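The values are calculated or read from the model by the stated rules, or taken from the named source; none is laboratory data. Keep in mind it's a predicted model, so treat the numbers as computed, not measured. For neighbour counting, all protein chains shown are included, and Cβ atoms are generated from backbone atoms with ideal geometry for every residue, glycine included. Remember, those area values only see protein heavy atoms, side chains included, never the ligands or the DNA or RNA. Shrake-Rupley method; radii C 1.70, N 1.55, O 1.52, S 1.80 Å.
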Amino acid sequence: MYEIIKKKKIAPDIFHIEVSAPLIAKKFKAGQFIVLRPFADSERVPLTIMRADKENGTITLIVKAIGLTTKHLAQLNKGDAIVDLLGPLGHPSDIENFGRVVVVGGGVGTAVAFAVAEALKEAGNEIISIIGARNKDFTILEDEFAEISEELYVMTDDGSYKKKGFVTQQLQELYDQDKQFDRVIAAGPLPMMRAVVEMTRPHETPTIVSLNPIMVDGIGMCGGCRALVDGKIVFVCVDGPEFDGHKVDFDSLMRRNNAYRGIEQQKEHNCKIDIEIAKGKNNE
């Protein structure tokens with residue numbers, strides 16, 4: 001079992017959770033993820049590691065309580081234990097000194113982008129960060145990005161905090177200022193990443209996206225996370241999760257992600273699990 005060391009609510013239904021996992025913390029590299037089950041009868045869910053503390057043996061997760069499993073995870077508190085946790089999984093990010101790198105994060109994808117941005121900063125890159133949220137309440141990790149960024153732009157859809165608009169609008173503004181970039185990293189909702197890719201394509205800026213398809217086992221056996229990249233089938237869990245955004249077929253990926261939405265909503269509606277009973281079973 002993996003004990004929760006710290007838990008903090010940082011936005012509506014979004015939690016910063018630090019978990020004791022010494023072996024995973026020791027082996028983790030930016031861009032990798034874990035698969036966990038909060039309770040013995042929970043479904044498996046993949047989550048990107050935002051940060052690993054090798055000295056203290058902990059990993060930090062940013063969790064949005066949106067589905068059944070993540071809602072169960074959000075019910076746990078400091079001192080509670082997660083039943084099982086597998087990782088680190090996936091290929092690490094390509095980290096080297098590229099030069100000037102723009103890091104774009106949308107929603108909880110901001111946490112995915114942060115791990116990579118921090119590693120790129122340590123490698124000597126100039127980091128320009130653009131992070132976005134629907135409104136002020138959902139803005140996360142602003143302070144963390146400010147520490148590692150030469151320039152930081154915070155966007156909100158409704159203009160309730162900092163600059164009104166989408167992250168892609170800010171990226172376009174930077175291009176309009178004739179700024180040159182050596183690399184763009186994007187993590188967030190699929191429509192956002194697709195928009196970033198189409199914006200960087202005419203500039204021929206190398207663009208890396210972190211994909212988030214439906215995933216079950218995380219080790220390439222189930223095939224649920226397959227995607228089309230450069231016309232070939234890949235399994236995101238073992239071949240990714242990062243890919244050249246200019247080669248990703250976003251249309252097919254979005255269709256696959258939406259395929260089970262109705263089933264998921266019906267299951268969540270029908271499945272009323274008593275969290276306290278589940279926690280009791282977890283401690284037996």
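Here are a few things to note about the model shown:
- In this structure, residue 62 does not qualify as among the β-branched types (Val, Ile, Thr), over 25 Å from residue 191 (Cα atoms), open to solvent by less than 30 Å² (accessible area, probe 1.4 Å) and assigned by TED's automatic domain parsing to the domain that holds residue 31.
- Single unsatisfied condition, residue 85 versus (1) in the same structural domain as residue 126 (by TED's automatic domain parsing); (2) over 22 Å from residue 191 (Cβ atoms); (3) among the hydrophobic types (A, V, I, L, M, F, W, C): (1)
- Only one of the numbered conditions (1) open to solvent by 20 Å² or more (accessible area, probe 1.4 Å); (2) without any contact (Cβ under 8 Å) to a residue 24 or more places away in the chain is not met by residue 225, and that is (1).
- Sub-7 Å Cβ pairs linking a first residue in the stretch 69-80 that is open to solvent by 40 Å² or more (accessible area, probe 1.4 Å) to a second residue that is at pLDDT below 95 and of a type in the set (Val, Ile, Thr), at least 6 apart or interchain, are 75/275, ordered by first then second residue.
- Failed item, numbered, when residue 245 is tested on (1) touching a helix residue (DSSP H, G or I) at 6+ places or on another chain (Cβ under 8 Å); (2) farther than 19 Å from residue 88 by Cα; (3) free of Cβ contacts under 8 Å to residues at least 24 places away in the same chain: (3)
- Of residues in the stretch 13-58 being among the aromatic types (Phe, Trp, Tyr) and in contact with a Pro (Cβ under 9 Å, 6 or more places away or on another chain), the one surrounded by the most Cβ atoms within 10 Å (Cβ to Cβ): 33
- Index of the failed condition, residue 10 passing every other in (1) crowded, with 20+ Cβ neighbours inside 10 Å; (2) closer than 21 Å to residue 132 by Cβ; (3) β-branched (Val, Ile, Thr): (1)
- The stretch 33-55, residues that are outside any strand (DSSP E or B) and touching a residue at least 40 places away in the same chain (Cβ under 8 Å): 38, 39, 40, 41, 42, 44
- Of the residues making up the stretch 61-69, one or more are within 16 Å of the chain's Cα centre (by Cα) and of a type in the set (D, E, K, R).
- Filtered residue count, the stretch 67-83, keeping only those that are at pLDDT 95 or above, small (Gly, Ala, Ser) and part of a loop (DSSP other than H, G, I, E, B): 1
- Residue match in the stretch 190-198 (condition: in a loop (DSSP other than H, G, I, E, B) and of a type in the set (Lys, Arg)): no
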